Amino acid sequence: MADELTTPAENTWCPGCGNFGILNAFKKAIPKLEQHGIDRKHLVISAGIGCHGKIFDYVPLSGLYSLHGRSMATVQGIKLGNPDLKVLTFAGDGDAFGEGISHMIFAAKRNADITVIVHNNGTYALTTGQFSPTSGKGFKGPSLPSGNVEEPLNPLSLMLEAGASFVARGYAGRIDHLADLIVEAVLHEGFSYIDVLQPSVVFNNTYKEYNALVEIIEKPAGRLEDAVQLAKRFDRLPIGVLYKVSKPVYHKELYGKWNPAVNRLMHEERKRRIATYLSERLQK
Ligand SMILES: Cc1ncc(C[n+]2csc(CCOP(=O)(O)OP(=O)(O)O)c2C)c(N)n1
Ligand code: SF4
């Protein structure tokens, strides 16, 4: 692990937490991305609020620590402000599919060129184990001592149906595999989603189940319908890229090749154009 990728922040995750696997995979992905020509100075990160969000403090990259459920909007704004940047955010399952679900759906729908990595531990861990949108039926926690009566949301099929152009699942216990998924997701032009199976050793310790059920898939499904079927398998838990397709991306549809950060209009020129526009409108 490269030393320059460590920060002075004290790590407060519980020993054995799946978040360590995600952090280590991300640290392995950064130099690999550099080999693909993505300078770490041009890789900007964000995070929501939760145990997952602390990852923001543990990697020395530029970014903006966002609000609960809002980091996908934050990175979309950064991308629109400077399309030359690569942007990535870390979200929790509660964060992304509770508070932030509409941002997720619309980012996928418009094929915003962002990467979202969800630390899916099936619980609101930081706030001590309430049930989340992805908690399994029967999940017990302090807010639900008699067990969750709802069926869990399937983030993979939701993102596929919403129009995501890259959908993958990783496992915090398979660090090298996850590192490669992160590299592929960041290199993908368009909305890339990685759902990471992340055991919370305190509130939802799923290591045993995941170790028994995960199965690496070698290539994405060719058709959307087949990817949705893969996403809905429960006898095994397929990990890898489920679906990948090339589609027009939002900022290019909007701007073409224009970059507002580089081709900024000077103040006087902006005022002149607004004045011309207004006087034309008033004459009509
Ligand atoms: C708008 C808003 N609602 C609620 C909270 C309180 N809150 C902070 S973290 C959190 C739970 C986070 O759960 P999740 O997103 O699943 O992340 P995890 O802690 O499991 O990584 C909640 C409810 C908040 N900070 N902001
Ligand atoms: S509470 Fe769970 S998710 Fe949070 S750091 Fe501890 S083990 Fe990890």
Looking across segment 123-141 at residues that are in a strand (DSSP E or B) and closer than 23 Å to Asp57 by Cβ, the single one that is nearest to ligand 2 (Cβ to nearest atom) is Thr123
Here the residues within segment 80-99 that are surrounded by fewer than 24 Cβ atoms within 10 Å (Cβ to Cβ), closer than 26 Å to Pro260 by Cα and not hydrophobic (A, V, I, L, M, F, W, C) are Gly81, Asn82, Pro83, Asp84, Lys86
In the set Ser102, Ser66, the lone residue that is hydroxyl-bearing (Ser, Thr, Tyr), more than 16 Å from ligand 2 (Cβ to nearest atom) and surrounded by fewer than 23 Cβ atoms within 10 Å (Cβ to Cβ) is Ser102
Within segment 80-98, the count of residues that are away from ligand 2 (no atom under 16 Å from the Cβ), under 15 Å from Tyr65 (Cα atoms) and either touching a Ser or Thr at 6+ places or on another chain (Cβ under 6 Å) or in contact (Cβ under 8 Å) with a residue 60 or more places away in the chain (or both) comes to 2
Picked from segment 44-63 (must be within 16 Å of ligand 2 (Cβ to nearest atom), touching a Phe, Trp or Tyr at 6+ places or on another chain (Cβ under 7 Å) and of a type in the set (A, V, I, L, M)), the residue nearest to Pro199 (Cα to Cα) is Ile55
From the option list Asn111, Asn120, single residue qualifying as at pLDDT 95 or above, more than 16 Å from ligand 2 (Cβ to nearest atom) and crowded, with 18+ Cβ neighbours inside 10 Å is Asn111
Within segment 7-43, of all residues that are within 26 Å of Gly100 (Cβ to Cβ) and in contact with a Lys or Arg (Cβ under 7 Å, 6 or more places away or on another chain), the one nearest to ligand 2 (Cβ to nearest atom) is Trp13
**OP:** Assess whether Ala179 counts as being over 30 Å from Asp84 (Cβ atoms), away from ligand 2 (no atom under 16 Å from the Cβ) and surrounded by 19 or more Cβ atoms within 10 Å (Cβ to Cβ).
**Re:** no
The residue from Lys257, Lys244, Lys219, Lys208 that alone is among the charged types (D, E, K, R) and surrounded by 11 or more Cβ atoms within 10 Å (Cβ to Cβ) is Lys244
Among the residues of segment 3-23, the number that are surrounded by fewer than 20 Cβ atoms within 10 Å (Cβ to Cβ) and closer than 25 Å to Gln76 by Cα is 1
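Of all residues in segment 51-61 being touching a helix residue (DSSP H, G or I) at 6+ places or on another chain (Cβ under 7 Å) and not β-branched (Val, Ile, Thr), which is surrounded by the fewest Cβ atoms within 10 Å (Cβ to Cβ)?
Out of the qualifying residues, it is Pro60.
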Condition check for Glu209: closer than 23 Å to His251 by Cβ and not polar (S, T, N, Q)
no
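The values are calculated or read from the model by the stated rules, or taken from the named source; none is laboratory data. Only a predicted model underlies this, so the values are computations on that prediction, with no experimental measurement involved. Virtual Cβ from ideal backbone geometry, glycine too; neighbours counted across all protein chains shown.
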